[in-house]
1. How long is the gain from A27 to V56 if the chain were fully straight, where each residue apart is worth 0.36 nm and the alpha carbon distance is subtracted?
2. Would you list I87, I31, I76, I51 from fewest to most Cβ contacts within 10 Å?
Amino acid sequence: MFDSSAGRSMYRRGVETLEVRLARLEAESAIVLLKAQYSRCCDDGYDADGIAGLFVPDGVWDGGDLFGRAEGVEAIRAHFAQAAARISCFISL
C-alpha cells in the first residue's frame, strides 16, 4: 500500500532540490557569460569601458605582481586604458 504522506514529503524535498540545482545552474551560466564578455573585451584590444562595465562599483581587478591591482570601476577603466600597449596577448583559462 502507498503512504501518500511520505510521497508528499519526498516530493517537497525533490522540489527544493530542483530549486537549489536550478539556482546553481543559473549562477554557473552567469559566470560563463561574464567570462565570455571579459574575454571578448580583452580580445578587442582591452576595451577599458567594456571591462570596467563588468564590475560592481567597488569591484577589484587583481592581476597579481605582474599586472597590478585596480580597485573600483574608474581605477579598473584607467588600468585598462593603455593595457594593449603593455600586454601583448590574452589567454583565458
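Each value in this text was obtained by applying a stated rule to the coordinates, not by laboratory testing. Everything quoted here is computed from the prediction, not taken from an experiment. Quick reminder, even Gly has a Cβ in these numbers, built from the backbone with ideal geometry, and neighbours come from all protein chains shown.
1. In short, 8.8 nm is gained.
2. Ascending number of Cβ neighbours within 10 Å: I31, I87, I76, I51.
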